[in-house]
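Only one structure is covered here, and it is reproduced in the block below.
The values are calculated or read from the model by the stated rules, or taken from the named source; none is laboratory data. This one's a predicted model, so the numbers in the text were calculated from it and none came from an experiment. Please note: Cβ atoms are built from the backbone with ideal geometry, for glycine as well, and neighbour counts cover all protein chains shown.
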Amino acid sequence: MMQIQKLYQQAISYAAEKHAQNNQKIPGTNLPYVVHLSNVAMELFVASSANDGLNMEFAVQVALLHDLIEDTDTTCEEIEDRFGVEIMNAVKALTKNNKLPKDQQLADSLIRIKKLQPEVWAVKLADRITNLQPPPQHWDNEKIIQYQKEARTIYDELKQGNDFLANRLKQKIEEYSDYIK
């Protein structure tokens with residue numbers, strides 16, 4: 001158990017530093033982005049108590065690092081050098097390919113995620129659970145509906161990855177309907 005604490009501290013410190021470089025906040029809030037990352041990790045810790053099949057040393061690092069390539073200037077090489085090729089591959093799969101049209105990015109990422117360990121699937125489920133908070137004030141109804149639709153796609157594609165997180169996501173998707181006008 002001491003090992004996971006050390007890995008958690010190394011990953012969250014690195015991610016916090018990288019996300020803070022561009023003063024990244026959780027969209028629609030004043031909270032530093034590291035709060036989102038720690039919430040994704042917390043979803044995994046709760047899920048692991050319901051399902052002891054998760055490799056939490058791997059999963060927690062991926063959870064804390066999952067947005068680095070997408071949201072910072074961090075490269076795949078930096079992640080690989082610091083955390084290893086498996087974690088880099090997981091973070092890369094969780095990163096949208098912005099060279100693709102926006103409407104193809106999620107499907108592409110899900111294809112890449114499904115080729116990897118169940119822990120990567122679990123991180124994506126936990127990420128969307130965490131993101132299904134009250135939407136930012138500037139989102140219109142169409143954006144909110146689209147975000148819920150994307151969440152359903154994630155659920156449909158990854159629900160076999162982790163029963164506990166799939167059920168949590170399904171519940172959050174239903175609750176998210178409250179934000180649709």
Only one of Lys92, Lys99 is basic (Lys, Arg) and within 18 Å of the chain's Cα centre (by Cα), namely Lys92
Contact list please: Cβ distance under 7 Å, first residue in the range 154-181 and under 13 Å from Ala122 (Cα atoms), second residue not in a helix (DSSP H, G or I), pairs at least six apart or on different chains.
Asn162/Asn51; Asp163/Asn51; Phe164/Asn51
Test: residue in the range 83-99 that is farther than 14 Å from Asp156 by Cα, aromatic (Phe, Trp, Tyr), modelled with pLDDT of 95 or more and in a helix (DSSP H, G or I):
yes
Give me the residue from the range 17-46 that is modelled with pLDDT of 95 or more and of a type in the set (Gly, Ala, Ser) and, out of that set, farthest from Val91 (Cα to Cα).
Ser38
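Every residue, every condition in (1) among the charged types (D, E, K, R); (2) crowded, with 18+ Cβ neighbours inside 10 Å; (3) touching a residue at least 24 places away in the same chain (Cβ under 8 Å); (4) closer than 19 Å to Asn162 by Cβ, yes or no:
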position: Asn55; (1), (2), (3), (4): no, no, yes, yes
position: Ile69; (1), (2), (3), (4): no, yes, yes, no
position: Glu78; (1), (2), (3), (4): yes, no, no, no
position: Ala90; (1), (2), (3), (4): no, yes, yes, yes
position: Ala93; (1), (2), (3), (4): no, yes, yes, yes
position: Lys96; (1), (2), (3), (4): yes, no, yes, no
position: Leu100; (1), (2), (3), (4): no, no, no, no
position: Ile111; (1), (2), (3), (4): no, no, no, yes
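Filter the range 1-47 down to the residues that are part of a loop (DSSP other than H, G, I, E, B) and surrounded by 13 or more Cβ atoms within 10 Å (Cβ to Cβ) and list them by number. Break it down stepwise before answering.
The first filter runs over the range 1-47 and keeps only residues part of a loop (DSSP other than H, G, I, E, B), leaving 1, 21-24, 26-31, 33.
Listed by number, the residues that qualify are Gln24, Ile26, Pro27, Gly28, Thr29, Tyr33.
Which of the residues belonging to the range 37-52 are over 20 Å from Leu68 (Cβ atoms) and in contact (Cβ under 8 Å) with a residue 60 or more places away in the chain? Give the steps one after another, and end with the answer.
Within the range 37-52, the first condition is being over 20 Å from Leu68 (Cβ atoms), and the residues that meet it are 45-52.
Passing the criteria: Val46, Ala47, Ala50, Asn51.
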May I ask you to say which residue of Leu106, Leu132, Leu110, Leu100 is more than 23 Å from Leu44 (Cα to Cα) and among the aliphatic types (A, V, I, L, M)?
Leu100
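Filter the range 113-136 down to the residues that are touching a Pro at 6+ places or on another chain (Cβ under 7 Å) and crowded, with 20+ Cβ neighbours inside 10 Å and list them by number. Break it down into steps so the answer makes sense when it comes.
Step one: list which residues in the range 113-136 are touching a Pro at 6+ places or on another chain (Cβ under 7 Å), which gives 136.
Scanning the range 113-136 gives no hits.
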